[in-house]
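The values are calculated or read from the model by the stated rules, or taken from the named source; none is laboratory data. Every value quoted in this text rests on a predicted model; they were computed, and no experiment measured them. Cβ placement follows ideal geometry from the backbone for every residue including glycine, while neighbour counts extend to all protein chains displayed.
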Amino acid sequence: MIEPGLYHMLFISTTLFFIGVYGFFTRRNLVTMLMSVELILNSVNLNFIAFNKYLWYDNE
Amino acid sequence: MFIVKYIKEVFGGLKSLLVGMRRTGYYFTHHKEIITEQYPDNRDTLVMADRFKGEVILLHDENNEHACTGCTACELACPNATIKIVTKFDITPEGKKKKAIDKFVYHLELCTMCNLCIVACPTDAIKMAQTFEHSVFNRADLTKILNKPDSKIREGIE
Amino acid sequence: MPGLPLSWRGNEGEVMWSLTNISSAIHDWLNQTFNPTWVMVIEMVIAGIAVIGLFAVLGLVLVLMERRVAAWMQIRLGPNRVGPFGLMQSLADTLKLLVKEGMTPDGADKFLFNLAPFIAMMVAMLLMAPIAFAKGFQLWDMNIGVLYVTAISSIMVISILMAGWASNNKYSLMGAMRSGAQIVSYELSAGLSILTIVVLTGSLNITDIINAQADGWWIFKGHIPVIISFVIFIIAVTAETNRAPFDLAEAESELTAGFHTEYSGMKFALFFLAEYINVFIVCAIGATLFLGGWMPFHIGNWEAFNHVMDYIPSSVWFFGKTFFLIFVIMWFRWTFPRLRIDQLLTLEWKYLLPISMFNLLLVTALAILGWHF
Amino acid sequence: MKKKKGKKKKKKTLLGRGEAIMSGSTVIFYLLAAITLVSALLAVTTRMIFRAAIYLLFALIGIAGIYFWLQYEFIAAVQIIVYVGGIVVLIIFSIFLTQQAGEQLPKQKLGRQLFAALASFCGLALVMLQLAQHAFVETGNKAIEPTVANIGTQMLGVEEGGYSLPFEVVSMLLLAALIGCIVIALKSKPETE
């Protein structure tokens with residue numbers, strides 16, 4: 001197993017985003033569409049956190 | 001004013017809560033007042049309340065005499081046919097026939113302890129006892145005959 | 001070593017009863033013997049066993065305590081048949097629940113139905129992490145301690161909603177909805193009253209909050225605003241743990257048993273245990289924030305008195321304060337009648353929330369001006 | 001207590017390739033990632049609506065776990081408070097009020113499903129391709145320690161890099177929402193003739 005880094009986070013958030021997009025397209029129910037949107041929003045959040053963690057790297 | 005009323009409400013509510021908590025707190029710290037009866041252990045000293053009604057009994061005095069004339073007022077008063085009085089005719093020394101009870105049948109398993117028979121009795125012959133350990137193995141044991149064998153009516157009761 | 005599950009803190013040799021030496025000795029020995037991953041795993045296992053053991057003991061003690069307090073407040077005797085003074089009663093109850101058949105109703109969502117009690121239990125376990133049980137005895141000393149507790153305890157409501165929905169029973173559903181509305185509302189005022197102490201201390205860390213009370217507990221140092229927020233905190237957490245007089249979620253006269261109507265046997269026992277553990281946790285948080293955690297009681301310059309107080313072990317102080325708060329919450333339960341749902345929401349939105357917001361402003365002013373001792 | 005990370009003592013590369021050691025922290029990361037992705041997938045595919053909400057909950061908790069793993073504890077706690085305590089409860093309440101227990105959602109047309117799957121897969125492939133072809137460069141700026149105190153000062157700071165203005169704008173939004181709530185909840189005056 002590889003030590004996790006920025007690209008792992010980006011992989012997770014991208015996959016989450018497109019899972020959300022898939023859900024948004026297939027669902028016909030307002031509540032479930034809202035759930036898919038929540039997934040999309042969370043993938044964006046995860047992106048922000050990952051960039052903050054790994055691109056502004058502070059060497060201890 | 002609105003604000004004053006609001007603050008008054010808050011403090012009034014808090015005060016009433018504290019009053020309630022003081023009462024339960026008092027009980028919590030005063031164990032002497034505990035009202036629980038530890039029943040099978042204190043069977044000897046157990047005192048039932050006056051109002052407790054256990055079963056109907058027919059009062060007998062020391063001469064084995066009771067006051068029941070067999071008028072069946074109690075039987076008529078009973079809402080669920082608990083009492084059944086079987087009468088007979090005694091022959092008095094003067095040779096007259098006199099009505100008297102043969103059997104005072106009492107079905108404890110039907111009785112709801114409503115006290116109507118006691119109220120209806122014109123001669124105060126029956127009353128409610130305070131016994132309560134009525135469990136038996138056979139239901140037939142609950143059908144009781146209240147007049148004792150060879151008992152007879154007291155003199156002067158009509 | 002920050003970040004490890006068992007980060008034992010505290011200075012050595014300050015108080016004779018400190019547990020720091022033992023725990024750091026175990027930690028050092030493990031580090032010498034195994035590599036870091038295994039040390040982590042072993043320490044997690046030790047922490048898990050300790051928490052589960054604490055759960056079992058707390059469950060037994062609190063159930064017995066509740067029944068005794070209830071009995072004495074209602075002029076009764078309480079359990080006194082099993083064991084000396086009835087001390088074994090809760091053990092017998094546990095045994096009964098263990099051997100009972102666990103039933104799943106027809107038409108229930110089996111997966112969620114079985115998951116709900118375990119979520120309730122897991123949340124209670126996670127909440128144990130940041131609590132400081134004694135000087136230098138804490139499972140995870142994170143820098144967001146109080147916020148962590150607020151966050152994790154909000155998962156609790158999910159398990160209740162899940163149980164209510166999965167049971168396929170209208171009473172369960174109504175109980176779950178009531179409980180959801182209730183917990184979500186009362187979280188606000190509980191959070192705001194926790195915030196007053198955070199404002200005064202300037203830190204979310206539990207260790208910092210306790211250390212800030214070395215020269216006096218906040219309830220004495222903080223004047224009237226802190227007392228107000230303490231009262232609000234106690235009321236709000238009573239509601240959050242679904243205890244009487246706020247037990248609408250399981251109001252037995254209206255909803256049979258609310259969200260756990262369909263639960264029996266071990267699954268019911270888990271809900272039951274989780275409720276008592278939650279009571280313990282919120283009381284422990286209350287004791288930590290307002291009553292100084294494991295800090296002994298000191299009075300100004302009375303050197304001799306303070307010295308005697310220092311000799312009482314810190315864990316005794318902590319558990320003493322916690323159990324005092326638990327007793328107060330039980331006192332509420334056996335004194336007050338249950339609220340109606342509209343009264344419940346009126347109490348929160350018209351009284352507790354405005355008062356605690358205003359109170360937070362007061363405390364902020366107090367902290368900026370430095371008027372606390 | 002569960003999710004904590006061992007000290008990272010490896011050299012810092014953006015894609016930590018090269019070290020194939022299986023440390024505890026790595027295992028925990030992959031576990032969290034798997035939980036997040038699997039429950040997100042289940043949330044959008046299951047046909048039982050309440051289960052979808054619960055799977056969404058697990059996905060959100062998994063993300064919070066990843067934040068914990070990154071040692072951003074404050075953000076993790078906020079994630080749990082906002083999403084679990086707020087949004088999932090809101091969703092569950094709307095399910096309670098609008099849906100029937102034990103009912104399943106209607107099945108979707110196969111064509112729509114295929115189209116959606118194809119579209120999201122293409123998008124995913126496109127983004128992955130871009131990620132693989134372009135490298136990220138470190139800015140060299142010092143990161144701000146994500147402690148509570150730093151977040152607080154940053155959020156209300158008026159000097160350079162402070163977020164005072166966006167913070168105030170957002171609080172205006174919240175105020176508008178609060179006033180809207182009160183207006184809706186206010187009882188209308190009884191009509192008196």
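So the values come out like this:
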quantity	calculated
Total residues in region D:107-138, condition part of a loop (DSSP other than H, G, I, E, B), more than 9 Å from chain A (Cβ to nearest Cβ) and farther than 21 Å from A:MET33 by Cα	2
Filter result for the condition that a residue is out of contact with any Pro (no Cβ under 9 Å at 6 or more places or on another chain) and assigned by TED's automatic domain parsing to the domain that holds B:MET113, over B:LYS8, B:LYS96	B:LYS96
Test: B:ILE85 is closer than 16 Å to B:LEU59 by Cβ and touching an Asp or Glu at 6+ places or on another chain (Cβ under 6 Å)	yes
Residue among A:PHE48, A:PHE11 that is assigned to a helix (DSSP H, G or I), more than 8 Å from chain D (Cβ to nearest Cβ) and modelled with pLDDT of 80 or more	A:PHE48
Failed criterion for C:ALA132 (all others in (1) free of Cβ contacts under 8 Å to residues at least 12 places away in the same chain; (2) among the small types (Gly, Ala, Ser); (3) under 30 Å from C:LEU188 (Cβ atoms) hold)	(1)
Matching residues, region C:134-168, being at the interface with another protein chain (Cβ under 9 Å from one of its Cβ atoms) and among the aromatic types (Phe, Trp, Tyr)	C:TRP140, C:TYR148, C:TRP165
Residue match in region D:154-162 (condition: of a type in the set (Val, Ile, Thr), more than 12 Å from every other protein chain (Cβ to nearest Cβ) and in a loop (DSSP other than H, G, I, E, B))	yes
Selected residue (only one of C:ILE119, C:ILE219, C:ILE206, C:ILE155 is within 17 Å of the chain's Cα centre (by Cα) and touching a residue at least 60 places away in the same chain (Cβ under 8 Å))	C:ILE206
Members of region B:5-30 found to be more than 8 Å from chain C (Cβ to nearest Cβ) and closer than 13 Å to C:VAL328 by Cβ, listed by number	B:LEU18
Unmet criterion (only one of (1) touching a residue at least 24 places away in the same chain (Cβ under 8 Å); (2) assigned to a helix (DSSP H, G or I)) for C:ILE227	(1)
C:PHE272 being crowded, with 21+ Cβ neighbours inside 10 Å and in contact with a Gly (Cβ under 9 Å, 6 or more places away or on another chain)	no
Within region C:101-127, considering residues that are away from every other protein chain (no Cβ under 13 Å) and modelled with pLDDT of 85 or more, the one surrounded by the fewest Cβ atoms within 10 Å (Cβ to Cβ)	C:MET121
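Residue-wise test of (1) outside any strand (DSSP E or B); (2) closer than 21 Å to B:MET48 by Cα; (3) in contact with a Phe, Trp or Tyr (Cβ under 9 Å, 6 or more places away or on another chain).
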site	(1), (2), (3)
B:ASP102	no, no, no
B:CYS114	yes, yes, no
B:SER135	yes, yes, no
B:ALA140	yes, no, no
